[in-house]
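Quick notes on the structure that follows.
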Amino acid sequence: MIAKISGSGERISTYTVEDTQMAAGSTIGSPKCVLILKATGAIECFYSVAAGKVLIGGLNLAFWDGESGAALAHLPGEFVIHPDRQEHLYELGNGVIVHEKVFVLNGEPKLDSADPAVAYFGVELENTGGATVDLRSIAAARMRGGFDSDTKLRYDARRTAFVATNRSDPKFARAFACSRRPTHWEGTDDHGKPSRVLSPAPLADRVALHGGHEAIALFEHRFLLRPGRRVAFWYVLAGSESGLPELRKILDGAPPAERAARRTRARYQRLLNRAVVMTPDPTVNRGALWAKANMLRVELFAPTGWCFVNDPARSNNSVARDTAWFAFGSDYVTPEFSRESLLAYVERLERCGMVVEYYDIRTGKTSDYKLNINDDTPLLVLALWHHFNATGDRAFLQRVYRCAKRAADYILEQRNDRGLVWCTSTGTSDWGIPGWRNVIKGYRISGATTELNSECYAALAAVSKMARELHEESDRDFYARAAAELREAINRHLVDPDTGLYYLCIDVDGARRTDVTCDLVFPIMFGVADRERAAWIVSRLSVDAFWTEAGIRTVPRDDINYGPTHGYGLLGGVWVGVTFWYAFAAARFNPDFMASALHDSFLHYSRDPRRNNTVPGQFSEWLHGETLVNRGMMLSPWFPPRYLWAAIEGAAGLDLSGDEPKCEPCLSPGWRWLGVRRLCFRGRFVSWFAVRTETLRLYGTFRFANALQYEAYDADVTDEYLAFHEDDVSSVVLRRRDRIVLFFGNTADRTVTTSIRFKKKFGAEYVSRAYSSLRGEWVEGRVTPEQLRRGLALEIDRRGFCVIELTRPR
């Protein structure tokens with residue numbers, strides 16, 4: 001693996017990559033803008049959510065020797081990729097060390113506002129040699145962006161900024177500013193000037209464009225750096241959706257780079273400290289952490305409100321199915337975002353009760369592909385129920401119930417004489433596939449599809465549960481019966497008697513499609529399959545023909561329809577998000593395969609980023625079914641929340657399907673422990689951990705309706721008690737009135753010895769009961785306050801754990 005990583009993975013983590021080993025840079029976003037970086041570390045584009053266009057087409061920084069004019073080569077350096085930023089460290093040929101930091105302003109938003117579109121490109125130069133260095137730099141930005149050729153560029157000397165507008169669209173103004181007064185500046189349409197082998201003549205201190213077809217803004221700086229001297233400054237990209245006056249206010253109000261970085265980092269740290277997944281596998285822990293970071297990069301505040309699009313910087317459309325799936329993860333991290341993004345579809349529900357396919361986040365214009373039924377409809381209902389279940393927001397449930405009921409009634413109206421939900425379309429692609437694989441050209445999955453019918457069954461059951469919560473007794477019984485009837489119809493008519501598997505569909509022409517595809521996960525995920533059939537499906541999907549070292553193929557390699565790139569990878573490529581569906585579905589039947597699926601799929605992003613066309617820590621879209629090279633988006637927004645959901649509701653065992661929340665962790669045979677900290681759940685933070693002692697034991701701060709041996713505590717006090725965290729050790733401390741339990745899990749592939757220090761003083765002697773996986777038995781004793789003051793020395797075996805129960809004597 002080329003990207004270097006360390007630690008247990010669940011806390012703030014970084015990737016370090018040689019700067020010659022990247023195929024692309026990070027995609028970093030905020031509610032109002034998206035910044036895409038190149039493999040060189042330069043900015044590729046600065047995109048405005050409100051405009052739906054690229055504001056600035058890129059930013060490059062070049063260096064020359066001030067005396068000879070020769071271009072200075074970059075010696076091999078490294079990228080350091082953080083959840084909130086990307087850094088680039090390299091050395092110039094004259095011994096000057098360059099440290100670049102790139103991020104977007106992303107502080108705490110409000111319900112009706114967020115930080116403006118502002119990005120920072122910080123530069124620090126340090127002369128580590130023994131002689132004074134004469135250094136010249138030019139930073140160049142393409143100011144036309146995605147606008148027409150009537151770009152007007154001017155220089156604002158008071159703000160040290162270039163500003164650009166278009167006569168045809170004057171409200172979208174953008175700026176390229178610098179914190180340090182330039183030696184010279186220039187506006188030009190000469191593309192070659194900022195990248196010449198010999199440095200160009202001093203810039204002209206004027207704007208000289210020939211027609212505005214292209215507009216390049218240039219800042220020139222010249223430095224005499226004495227030995228050991230360091231200089232730091234930054235460039236700022238900013239955008240406004242309300243013209244030049246608003247742009248000037250944004251520039252004047254933009255915080256200095258260091259303050260902006262602290263503000264942004266504080267938000268990331270606060271939210272990454274929610275829904276912390278801890279397992280013996282640091283790759284899975286890191287996957288959950290980076291899933292949250294990726295989610296924060298794509299939660300947008302558009303003119304129509306809070307939303308996200310399925311292709312940052314390229315699409316203005318928010319898709320209902322993707323928004324629904326996003327909520328399954330964001331409910332545990334940013335539930336307020338889930339609420340607003342789901343309500344956007346509730347408010348746009350069609351009169352008949354069907355959910356629209358997508359809407360334009362700038363204009364609100366909707367589309368439904370003229371289908372009589374789609375998967376967006378049941379998935380939105382399921383997301384509404386999940387949001388209530390996860391948050392306990394009764395006002396939200398009361399607000400959405402009538403719309404959910406309308407959607408359920410519409411679903412019921414689409415049943416055929418066999419009781420199956422029936423899509424009447426005879427078209428192809430978006431107009432002939434009412435499910436998630438709808439972009440396959442020339443392909444149809446219509447009629448009664450197992451995917452759609454499974455989702456509709458779960459949606460009807462969800463509406464029944466909503467009715468129960470709201471004491472709508474007749475509705476509860478009606479939709480419960482309807483759900484049961486649909487489930488019975490699915491298992492009567494959509495099961496292939498020859499294989500025991502579900503059909504892909506009964507097509508509108510009556511053909512029974514026996515294709516064995518990844519879509520078989522749906523009857524398991526949504527509770528249609530009984531346990532025996534579900535186990536058989538998991539087994540069938542676990543064969544070698546389906547699997548690669550990066551995840552599950554959409555179609556097995558030995559299928560007649562298989563092609564590693566066919567249908568955008570939907571007929572044989574690896575859509576990594578499907579692997580997360582599989583991990584959830586397999587958790588209770590094959591937890592070992594579940595753990596491998598979560599591990600391998602996320603590890604692939606950092607295994608060889610240049611070869612695989614990936615960015616470490618960033619969830620890309622679909623992979624070539626043979627080479628496993630990413631062929632889709634560099635950041636697929638709807639995959640990260642599914643990873644987090646699969647980790648929490650699959651591996652960690654949170655079960656919201658019954659009348660009361662349960663927690664039944666699914667530990668892989670290679671896992672002896674697992675935990676979750678600070679999960680946003682029903683208005684508070686909930687933590688739990690499970691360990692294999694003589695039995696599987698569960699400790700937590702929520703009173704789950706469990707059959708497992710379970711001990712309930714009042715609060716997670718980890719941060720209050722522990723003063724020191726070993727990099728390879730995950731920890732949880734829970735407290736109730738008479739007892740404290742301390743848990744420490746080792747993520748390293750070796751035994752570690754660590755010293756546990758406490759912030760809090762203990763005022764009494766405790767009866768102790770400790771279990772170490774190294775020793776394999778409970779040991780009882782007593783611990784004095786003095787012993788606790790000095791701290792505890794622990795030896796924890798490879799991927800093992802230690803649990804210490806401290807009870808006050810009565």
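The values are calculated or read from the model by the stated rules, or taken from the named source; none is laboratory data. As the structure is a prediction and not an experimental result, all values here were calculated from the model. Note: ideal-geometry Cβ built from the backbone for every residue, glycine included; neighbour counts use all protein chains shown. Heavy atoms of the whole protein, side chains included, go into the accessibility calculation; ligands, DNA and RNA do not. Shrake-Rupley method; radii C 1.70, N 1.55, O 1.52, S 1.80 Å.
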Of the residues in the stretch 140-158 that are more than 13 Å from Arg174 (Cα to Cα) and touching a residue at least 24 places away in the same chain (Cβ under 8 Å), the one that is most open to solvent (accessible area, probe 1.4 Å) is Ser149
Screening Ile490, Ile433 for residues that are assigned to a loop (DSSP other than H, G, I, E, B) and either within 24 Å of Ala529 (Cβ to Cβ) or of a type in the set (Val, Ile, Thr) (or both) leaves only Ile433
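Just checking, which of Ser474, Ser464 is without any contact (Cβ under 8 Å) to a residue 24 or more places away in the chain and open to solvent by less than 50 Å² (accessible area, probe 1.4 Å)?
Details: Ser474 fails: open to solvent by less than 50 Å² (accessible area, probe 1.4 Å).
After applying the criteria, what remains is Ser464.
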Mind checking whether some residue in the stretch 182-199 is closer than 28 Å to Val98 by Cα and in contact with a Cys (Cβ under 8 Å, 6 or more places away or on another chain)?
-> no
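Against the definition (among the acidic types (Asp, Glu), over 19 Å from Ile445 (Cβ atoms) and either at pLDDT 95 or above or assigned to a helix (DSSP H, G or I) (or both)), how does Glu485 come out, yes or no? Working first, answer last.
Values: among the acidic types (Asp, Glu): yes; over 19 Å from Ile445 (Cβ atoms): yes; either at pLDDT 95 or above or assigned to a helix (DSSP H, G or I) (or both): yes.
Taking the combined requirement at face value, the residue satisfies it.
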Matching residues in the stretch 719-759 (under 26 Å from the mean Cα position of the chain (by Cα) and of a type in the set (A, V, I, L, M, F, W, C)) number 3
In the stretch 172-211, residues that are open to solvent by 40 Å² or more (accessible area, probe 1.4 Å) and farther than 29 Å from Ala50 by Cβ total 15
Counting only residues in the stretch 338-383 that are touching a residue at least 60 places away in the same chain (Cβ under 8 Å) and assigned to a helix (DSSP H, G or I), the one most open to solvent (accessible area, probe 1.4 Å) is identified as Glu340
(1) in contact with a strand residue (DSSP E or B) (Cβ under 7 Å, 6 or more places away or on another chain); (2) among the small types (Gly, Ala, Ser); (3) in a helix (DSSP H, G or I) all hold for Ala266 apart from (1)
Checking the structure you have, find out if any residue of the stretch 398-421 is over 26 Å from Glu336 (Cα atoms), crowded, with 22+ Cβ neighbours inside 10 Å and in contact with a Lys or Arg (Cβ under 8 Å, 6 or more places away or on another chain). yes
Across the stretch 521-540, the tally of residues that are open to solvent by 10 Å² or more (accessible area, probe 1.4 Å), part of a helix (DSSP H, G or I) and under 12 Å from Glu455 (Cα atoms) stands at 2
Criterion first (out of contact with any Gly (no Cβ under 6 Å at 6 or more places or on another chain) and surrounded by 15 or more Cβ atoms within 10 Å (Cβ to Cβ)) does Gly239 satisfy it?
yes
Can you find a residue in the stretch 202-223 that is out of contact with any strand residue (DSSP E or B) (no Cβ under 8 Å at 6 or more places or on another chain) and closer than 26 Å to Val133 by Cβ? no
Of Arg297, Arg270, the only residue that is basic (Lys, Arg) and open to solvent by 20 Å² or more (accessible area, probe 1.4 Å) is Arg270
Restricted to the stretch 336-384 and to residues being touching a strand residue (DSSP E or B) at 6+ places or on another chain (Cβ under 9 Å) and of a type in the set (A, V, I, L, M), the residue farthest from Leu420 (Cα to Cα) is Ile361
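Condition (residue is more than 18 Å from Ala461 (Cα to Cα), aromatic (Phe, Trp, Tyr) and in contact (Cβ under 8 Å) with a residue 40 or more places away in the chain) applied to the stretch 403-419: is it met by at least one residue? Before the answer, list the steps.
Restricting attention to the stretch 403-419, the residues satisfying the condition of being more than 18 Å from Ala461 (Cα to Cα) are 416-418.
Then drop every residue that is not aromatic (Phe, Trp, Tyr), which leaves none.
No, the conditions are met nowhere in the stretch 403-419.
Could you tell me how many of the residues in the stretch 623-648 are in contact with a strand residue (DSSP E or B) (Cβ under 7 Å, 6 or more places away or on another chain), of a type outside the set (A, V, I, L, M) and surrounded by fewer than 23 Cβ atoms within 10 Å (Cβ to Cβ)? Steps first, please.
Pass one, the stretch 623-648, residues in contact with a strand residue (DSSP E or B) (Cβ under 7 Å, 6 or more places away or on another chain): 623, 625, 628-632, 634-635, 647-648.
Then keep just the ones that are of a type outside the set (A, V, I, L, M); that gives 625, 630-632.
Filter once more, keeping what is surrounded by fewer than 23 Cβ atoms within 10 Å (Cβ to Cβ): 631-632.
So the answer is 2.
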_Some residue of the stretch 792-809 being basic (Lys, Arg), within 20 Å of Thr718 (Cβ to Cβ), touching a residue at least 60 places away in the same chain (Cβ under 8 Å) and surrounded by fewer than 16 Cβ atoms within 10 Å (Cβ to Cβ)_ = yes
Of the listed residues (Ala715, Ala705), the one being open to solvent by 10 Å² or more (accessible area, probe 1.4 Å), farther than 19 Å from Val803 by Cα, of a type in the set (A, V, I, L, M) and out of contact with any helix residue (DSSP H, G or I) (no Cβ under 9 Å at 6 or more places or on another chain) is Ala705
Heads up, the helices (runs of 4 or more DSSP H) in the stretch 571-644 (entirely inside) with at least 1 residues that are of a type outside the set (A, V, I, L, M), closer than 17 Å to Pro312 by Cβ and touching a residue at least 40 places away in the same chain (Cβ under 8 Å) are 576-586
Restricting attention to the stretch 303-317, the residues that are buried (at least 24 other Cβ atoms within 10 Å of the Cβ) and out of contact with any helix residue (DSSP H, G or I) (no Cβ under 7 Å at 6 or more places or on another chain) number exactly 2
Listed by first then second residue, the pairs whose first member lies in the stretch 264-279 and is on the phi < 0 side of the Ramachandran plot and among the aromatic types (Phe, Trp, Tyr), whose partner is assigned to a helix (DSSP H, G or I) and crowded, with 24+ Cβ neighbours inside 10 Å, with beta carbons under 9 Å and at least 6 positions apart or on separate chains, are Tyr268/Lys292; Tyr268/Leu296
Reported set for the stretch 274-297 where residues are closer than 16 Å to Thr14 by Cβ and not hydrophobic (A, V, I, L, M, F, W, C) is Pro282, Thr283, Asn285, Arg286, Gly287, Lys292, Asn294, Arg297
Going through the stretch 649-680 in order, the residues found to be surrounded by fewer than 24 Cβ atoms within 10 Å (Cβ to Cβ) and assigned to a helix (DSSP H, G or I) are Glu649
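Could you look through the stretch 146-171, keep only residues that are in a loop (DSSP other than H, G, I, E, B) and at pLDDT 95 or above, and pick out the one that is farthest from Leu61 (Cα to Cα)?
So the first thing to find is which residues in the stretch 146-171 are in a loop (DSSP other than H, G, I, E, B), and the list is 146-150, 157-160, 167-171.
Among the residues that remain, those that are also at pLDDT 95 or above are: 157-160.
Numbers: Ala157: 21, Arg158: 23, Arg159: 20, Thr160: 17 Å.
Looking at the filtered set, the residue picked out is Arg158.
Quick one: how many residues across the stretch 212-235 are open to solvent by 50 Å² or more (accessible area, probe 1.4 Å) and either under 42 Å from the mean Cα position of the chain (by Cα) or of a type outside the set (D, E, K, R) (or both)?
Number satisfying all stated conditions: 9.
Do we find that Thr747 is of a type in the set (S, T, N, Q), in contact (Cβ under 8 Å) with a residue 24 or more places away in the chain, in contact with a Gly (Cβ under 7 Å, 6 or more places away or on another chain) and buried (at least 19 other Cβ atoms within 10 Å of the Cβ) in this structure? Steps first, answer last, please.
Details: of a type in the set (S, T, N, Q): yes; in contact (Cβ under 8 Å) with a residue 24 or more places away in the chain: yes; in contact with a Gly (Cβ under 7 Å, 6 or more places away or on another chain): yes; buried (at least 19 other Cβ atoms within 10 Å of the Cβ): yes.
Against the criterion (of a type in the set (S, T, N, Q), in contact (Cβ under 8 Å) with a residue 24 or more places away in the chain, in contact with a Gly (Cβ under 7 Å, 6 or more places away or on another chain) and buried (at least 19 other Cβ atoms within 10 Å of the Cβ)), Thr747 qualifies.
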